[in-house]
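Enquirer: Sharing a structure here in structure tokens format.
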Amino acid sequence: MEAGRDTEELRSLILAAGGSAEQIASTVTRVGPDRVAAILVDELVHRAELGTIPQLAERPITVSFDFSFEGKVFAHAVTSSGTRTEPAPAGEEAPHARVELDLVQVNRAVFGPPGARHGTDRRIHWRDFEDQQALAGNMHVVPVVQHLLSGLEDQPIDLAGLSLRSGSDKWGLHYYTPHYERHFRPLRDRPLTILELGIGGYDDPAAGGGSLRMWKRFFPRALIYGVDVFDKAPLAEQRIVTVRGDQSDPAFLESLVTDIGPVDIIIDDGSHYCPDVTTALRTLFPHLVSGGLYVIEDLQTSYWPAYGGSSERLNEPTTTMGLLKQLLDGLNHEEYEPAGHHEPTEFDRTLTGAHFYHNLAFLEKGRNAEGSLPGWIGRERPA
Ligand SMILES: C[S@@+](CC[C@H](N)C(=O)[O-])C[C@H]1O[C@@H](n2cnc3c(N)ncnc32)[C@H](O)[C@@H]1O
């Protein structure tokens, strides 16, 4: 797994962004202001979705972000042609726009909790402001800058649209995004670690990654880890780490979660082979944080023999749905009779909720120990 140093830097900037200006400044000093400026520009470019501005393909635009920090300016210029946005080559002509910003304020706006995303001072200098003809040829510089600065504000996100734009099949082939919105929206602004099994694109290293990019955009403060049996290194980017491994291998899964630490959300969109799905669930669920969510997609394979499923033995725990149905009883393990005779399993003690939709399940992790009713309440049915 690569990107260890990067993820530590990102994690510390994300956590500091919820603190005081002094805490942010000291983290910026430790990581290095120039590096922080590059991280923030990368993030603003990701959120801007500049590919939606058609004129850029014909006429690329260069924008410089001039961040001030402790009396110095750290400038990062990018040139965008819509599909590609890259650091502007050194020594090029003056940028079409130069935006003056404060490094501490921008770190808070980009990585801080929702209330923090306001009040970032900015001053924009348009290169061709006084040259009507030049300005007319590059009027799209205005929406480009607007898009780039939109990442400083709270952004409502329609997950179905985002899924389509990111190249995931979570809406269109499947209709999962409304359910994801319902369960994920309350977590959106937390600093999270998210793990998805199955990156997409199979043996083409450069294909897939749609859902990882979708989660990165939807969760502005999250680190996203993707696992695939195939090498997906070309899809790694800031806040996205790709790991090669097999979800059927418990030793690999254990070492992965030891490396990345407790996980807030796990999504299984990998092989969909029942033995792999149940292995991953049994191995990874204990590593979810309390309050975390475990999602399993494509439950249709639970009924397909080629995937280890069955349409006859519907309660067989070797199938995904059979196991999940068995786990549901554990929600009420404290009610089993006679009282005190059942030794609760890890799932009994920590599965606190389950939501089922067409081919999709969400499991909630927590402490399932509310206790039963007092013993003096009769267990006999009143005559
Ligand atoms: C349906 S695609 C994932 C799509 C992606 N999550 C999205 O929504 O854009 C399934 C991926 O799982 C990977 N895969 C298959 N078997 C696997 C296994 N045993 N462990 C990990 N990944 C696996 C495949 O290579 C493929 O890229």
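Enquirer: Quick one: how many residues across region 214-240 are near the ligand (Cβ under 9 Å from one of its atoms) and surrounded by fewer than 23 Cβ atoms within 10 Å (Cβ to Cβ)?
Expert: 2
Enquirer: Can you tell me which residue is modelled with the lowest pLDDT among those in region 114-153 that are in a loop (DSSP other than H, G, I, E, B) and surrounded by 15 or more Cβ atoms within 10 Å (Cβ to Cβ)?
Expert: Checked region 114-153; the qualifying residue modelled with the lowest pLDDT is ARG117.
Enquirer: If you don't mind, another one. If we keep just the residues of region 160-204 that are acidic (Asp, Glu) and within 13 Å of the chain's Cα centre (by Cα), which is farthest from the ligand (Cβ to nearest atom)?
Expert: ASP189
Enquirer: Before we move on, is GLY375 on the phi > 0 side of the Ramachandran plot and in a loop (DSSP other than H, G, I, E, B)?
Expert: In short, no.
Enquirer: Same structure, new question: Give me the pairs, please: first residue somewhere in region 359-370 and small (Gly, Ala, Ser), second residue anywhere and open to solvent by 50 Å² or more (accessible area, probe 1.4 Å), beta-carbon distance under 6 Å, and either six or more positions apart or on two chains.
Expert: Once the first residue is small (Gly, Ala, Ser) and sits in region 359-370, its partners that are open to solvent by 50 Å² or more (accessible area, probe 1.4 Å) give GLY366/SER290; GLY366/THR352.
Enquirer: Out of curiosity, is LEU148 in contact with a helix residue (DSSP H, G or I) (Cβ under 6 Å, 6 or more places away or on another chain) and hydrophobic (A, V, I, L, M, F, W, C)?
Expert: yes
Enquirer: Checking the condition within 15 Å of the ligand (Cβ to nearest atom), open to solvent by less than 20 Å² (accessible area, probe 1.4 Å), within 30 Å of GLU370 (Cβ to Cβ) and at pLDDT 95 or above, which residue from VAL277, VAL243, VAL263 passes?
Expert: VAL277
Enquirer: What is the residue count in region 154-179 for residues that are open to solvent by less than 20 Å² (accessible area, probe 1.4 Å), touching a helix residue (DSSP H, G or I) at 6+ places or on another chain (Cβ under 6 Å) and not in a loop (DSSP other than H, G, I, E, B)?
Expert: Summing the residues that are open to solvent by less than 20 Å² (accessible area, probe 1.4 Å), touching a helix residue (DSSP H, G or I) at 6+ places or on another chain (Cβ under 6 Å) and not in a loop (DSSP other than H, G, I, E, B) in region 154-179 gives 5.
The values are calculated or read from the model by the stated rules, or taken from the named source; none is laboratory data. Since the model is a prediction, treat every value here as computed from it, not as a measurement. We place every Cβ from the backbone using ideal geometry, glycine too, and count neighbours over all the protein chains shown. We work out accessible area using only protein heavy atoms, side chains counted, and drop any ligands, DNA or RNA first. Shrake-Rupley method; radii C 1.70, N 1.55, O 1.52, S 1.80 Å.
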